[in-house]
Amino acid sequence: MRIVFSEDGQDFHRRGWHELVEADPAGTFFHTPAYLKLYWEEFGEQPDHLLLAFAEEDDGTQVGAVAFERIGETLRFLGGTEVTDYMGPVGLPERRDAMTKELWTALLAREDWLDADLRGLPEDQPWFGLLRDSASAHGLTVTEDEDGVSPFLPLPSSWDDYLAGLSAKYRHEIKRKARKLTEEAGDFRIVTAEADTLMPLLDRFVELHRTSEGPKGVFMVPGMEIFFRRLGEAFCADGIFRLTFIEVGGQLAAGTIGFVWGGISSLYNSAFDRSWGNLAPGMVLVAEDIRLAIEEGCDGFDLLKGDYRYKYRFGSAPRLVKRLVVTR
């Protein structure tokens, strides 16, 4: 095996590793070349900061890939901590160990970095331990830290089974919120964005997001709005980008953005009309997103990074995301 480096952004397409993301159980939508290319185009600082690494067998077969960016003398996984929940390599499961060893050997032969700040590594996936142990074996100084918590919910095959698996308290709360919303505001319906309705629904989502309190209210700056709109334009038509709203009394009271990829539905961002706050339309909508994921046959619902109390009201369990700091 050998590691081939590239600093050419065209290799997101020319050497695309979509199939490797699908083959790796640790692969997520955030690892796909299409997502990372879009991120790089919107947030990449300088063209020469990009560093792609590909693991190849002697016959040229590509068996692994990882995207980095260099910020000063620091090497990071490409993706940025503000908008990308999971980062790191992907590869054929049987070649992970060899790829990790060769990757550090190849990186140490380069002189364009002094330390590596590697975030977004789920603790329950092999890459975290492989990268840590191999870096130590190469004589590098390695420290590990937490990089957040991503509550995760395995999904059963039916909504009734899901409710039955919840504690009595959470099951009652989900049913009570939906019933209260209906009793006080009338029947609600779930609206899912399609290609022809995407932009007006995104307009409403951005409007609601900017009314949020605290840091969330200033998150949706113009550059971030463009990123979200590009995500929708690129991935809505094929069903990966999921924008849903709960409509009550003719009003779009709350919205969520998520991704459906590899049998996992995820909750990426949310916003709600504060005038409806006492009826919790956002909580009702997340429950309906879970229902939709079950109906579509998804295996899990990922509430992504953010250790917020409300996420556990749907029966999810904490999933640690780790960070490695490696110094040469």
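The values are calculated or read from the model by the stated rules, or taken from the named source; none is laboratory data. Owing to the predicted nature of the structure, the values given are computational and were not obtained by experimental measurement. Quick reminder, even Gly has a Cβ in these numbers, built from the backbone with ideal geometry, and neighbours come from all protein chains shown.
Highlighted here are the helices (runs of 4 or more DSSP H) found entirely within region 162-248 that include at least 2 residues which are over 25 Å from G306 (Cα atoms) and touching a residue at least 60 places away in the same chain (Cβ under 8 Å): 168-185.
Per the conditions (1) closer than 26 Å to F228 by Cα; (2) touching a residue at least 24 places away in the same chain (Cβ under 8 Å), the sole criterion not satisfied by Q46 is (2). Which residues, counting only those in region 128-142, are within 14 Å of E102 (Cα to Cα) and either of a type in the set (A, V, I, L, M) or surrounded by 19 or more Cβ atoms within 10 Å (Cβ to Cβ) (or both)? Those that are within 14 Å of E102 (Cα to Cα) and either of a type in the set (A, V, I, L, M) or surrounded by 19 or more Cβ atoms within 10 Å (Cβ to Cβ) (or both): L130, L131, R132, S134, A135, A137. Summed over region 1-38, residues that are in a helix (DSSP H, G or I), under 18 Å from L103 (Cα atoms) and of a type in the set (S, T, Y) total 0. Surrounded by 17 or more Cβ atoms within 10 Å (Cβ to Cβ), farther than 21 Å from P318 by Cβ and either modelled with pLDDT of 95 or more or not aliphatic (A, V, I, L, M) (or both), is that true of L155? For L155, the condition - surrounded by 17 or more Cβ atoms within 10 Å (Cβ to Cβ), farther than 21 Å from P318 by Cβ and either modelled with pLDDT of 95 or more or not aliphatic (A, V, I, L, M) (or both) - is not met. Residues in region 263-299 that are surrounded by fewer than 18 Cβ atoms within 10 Å (Cβ to Cβ) and small (G, A, S): G263, S275, G277, G297. Quick one: would you say G223 is in the same structural domain as D160 (by TED's automatic domain parsing), over 26 Å from L36 (Cβ atoms) and at pLDDT below 95? Considered against the rule, which asks whether it is in the same structural domain as D160 (by TED's automatic domain parsing), over 26 Å from L36 (Cβ atoms) and at pLDDT below 95, G223 comes out as no. Of all residues in region 1-33, those satisfying the criterion of being under 16 Å from the mean Cα position of the chain (by Cα), in contact (Cβ under 8 Å) with a residue 60 or more places away in the chain and surrounded by fewer than 16 Cβ atoms within 10 Å (Cβ to Cβ) are E22, P25. Residue count for region 257-295 satisfying the condition of being part of a loop (DSSP other than H, G, I, E, B) and within 19 Å of the chain's Cα centre (by Cα): 2.
Just one of (1) crowded, with 19+ Cβ neighbours inside 10 Å; (2) over 15 Å from the mean Cα position of the chain (by Cα) fails for Y310. It is (1).
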